[in-house]
Structure formats: C-alpha cells, structure tokens
1. Stokes-Einstein at 20 °C, 1.002 mPa s, Kirkwood radius from Cα pairs: D for region 102-278 in µm² s⁻¹?
2. As an exercise, use a Förster radius of 51 Å and the Cβ-Cβ distance of Gln185 and Val223 to find the FRET efficiency, rounded to the nearest 0.05.
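Any read-out appearing in this document is the output of simple, stated calculations on the displayed coordinates, not a laboratory observation. Computed from a predicted structure; not experimentally measured. Positions of Cβ are backbone-derived with ideal geometry, glycine not excepted, and every protein chain shown enters the neighbour counts.
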Amino acid sequence: MFMKEFMTKISDYLNERRNDPERQEDHLSAAIIGAVAVIIIILLLLVLWAHMARERRQKETEAAEREALEVEDTIDYGEEALVSETFEEEAEEYMAQNDGQELLQQEYLESIDYLRDKVEELLQSMTQVEQNLSETIEEYKAGDQSILEQVKVLHEEVTNIVQNLKETQTKLYDLIDIVQVMDQQKIPMIQQQILEIRQNMSKAQTDITNLYTKIAALEQEDVKLWAGIGEVEKTLKTAMNQNMTEVNNQLDVLLNQLGSVENRLQGLTSKTLKYHYDAENNTLYLEPYTE
C-alpha cells in the first residue's frame with residue numbers, strides 16, 4: 001500500500017511538471033528525480049526481498065532444529081526403553097532361575113520324605129518283631145532253657161536292628177536340614193549322608209536275613225515255640241522282600257537324583273547375574289556372571 005501511494009505521488013508530480021509551462025525548463029530535474037525514485041523503489045524491493053528471505057531461512061532453521069531435537073528425544077527414549085526392557089527380561093529370567101532352585105529343593109525333600117516313610121514302615125515291623133519275641137521269652141521261661149537262650153539271642157539281634165533303624169531316621173532328619181539350603185557346596189555333604197544311610201540299611205538287611213534264617217530253624221526244634229513266633233517269620237519275610245527292597249530302591253533314586261540336582265545347580269550358577277552401573281549414562285545393567 002505504501003509503495004502504491006508513493007508511485008502515485010511521483011506520477012502526479014511528473015504530470016504536473018510537464019503541464020506547467022513555467023516549469024518546462026525543469027524537465028531535466030524531473031527526469032533525474034524520476035530516476036532517483038526508480039532507484040529507491042528498486043532498493044526498497046531488494047530490502048523487502050532480503051527481509052523475506054531471511055525470515056524464511058530462519059523459519060527453516062528453527063524447523064530443522066525442532067526436528068533434530070525430536071529425533072534425539074526419540075533415540076534417547078528408545079535407548080532407555082531398551083535398557084529397561086533388557087533389565088526386566090533378565091530380572092524375570094533370574095527370578096525364574098531362583099524358582100527352579102526352589103523346585104529342586106522341594107523335589108529332593110519329597111524324595112527324602114518318601115524314604116523316611118519306608119524306613120518308618122520297616123522300623124514298625126521290626127519293633128513288632130521285638131515285642132513278639134519279648135512276649136515269647138516271658139511265656140517260655142519254663143520251657144527248654146537252651147531254646148530260650150536262642151530266643152533271647154534273637155531278641156537282642158532284633159533290638160540292634162531297631163536301634164540301627166532309629167539311627168537311620170536321625171540321619172534322614174539331618175539330611176533334611178542340609179537340603180534346606182540347596183547349593184553346590186552342600187552336594188558332597190548330602191552324598192556322604194546318603195552313603196552313610198545306605199551302609200546302615202545294608203547292615204540292617206544282612207541282620208534281618210540272618211534273623212529270618214535262625215527263626216526258620218526253630219520250627220524244627222520246638223512246635224510250641226514255633227506256634228508263638230510263626231508270625232515273626234512272616235513279618236521278617238515281608239521286611240526283607242518288600243520294605244527293604246523299597247528302601248534300597250529309594251536310596252538309588254536319591255543318589256541318581258542328586259547327580260541331576262548337581263548338574264542343574266551348576267547351570268543355575270553359570271547363569272547368575274551381576275550388576276553393572278554406568279555412572280556416565282546413569283544406567284544399571286544386568287550381566288551374566290561366570291566363574
């Protein structure tokens with residue numbers, strides 16, 4: 001609008017100068033003024049163009065800077081999300097590994113409990129035999145003393161077997177205490193405890209077998225005595241053929257299971273995580289720890 005008014009005034013002025021006779025002599029001056037006006041107009045147009053170009057460049061620069069900041073923020077967020085996601089995944093895996101270790105412990109404790117139940121059944125059978133022989137001794141005091149002495153010897157042997165089984169029970173309770181914290185350092189202790197239990201049971205098996213043979217021989221010596229201890233023979237036979245077999249089988253299970261436990265514990269240890277803090281980036285990392 002300003003430029004249009006300016007041009008109009010200049011045009012009016014030049015027309016006035018041309019139509020005024022007294023000012024004909026000033027044609028040269030008018031021409032000069034016109035030229036100056038054109039130059040001024042051109043300069044003003046150049047200034048306006050330069051101003052508009054500068055504003056356009058400034059806007060483009062600001063837009064580029066905003067875009068760069070948005071991209072940088074996106075990258076930073078992506079990195080933070082990746083660190084967070086990695087941390088959560090590895091933490092969940094670590095928790096899963098801990099759960100696996102607790103499962104190992106629970107499975108092994110259940111196997112020990114089963115063995116303890118079988119030893120308890122065997123102990124009850126032998127306690128019943130001990131009680132039966134005690135009653136036989138009381139009832140047979142007036143009988144053949146040589147046979148009575150044999151029965152007393154049998155009773156003493158049964159008492160030793162009962163004591164052996166009670167000691168085995170104690171070892172099983174100790175084994176449970178050891179397994180409460182299942183780790184690689186405990187494996188040798190667990191193995192040693194199982195081997196000691198196996199030695200106890202091996203001795204008990206030998207003693208029960210000998211006892212069964214001696215009682216069976218009494219059948220030929222005294223019918224009355226045999227009538228009283230006939231049930232003892234059946235109990236001993238069951239103890240040898242069933243109870244003792246189940247105990248030995250379960251001991252094999254415990255030893256085999258212990259090997260599997262050791263291998264799985266080694267796997268869990270090799271995958272244990274360690275923490276690494278990057279102070280420069282203020283980031284906490286989880287890394288696998290291997291010895």
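1. Value of D from the Cα-based Kirkwood radius: 117 µm²/s.
2. Working: r = 61 Å, r/R0 = 1.19.
Result of the calculation: an efficiency of 0.25.
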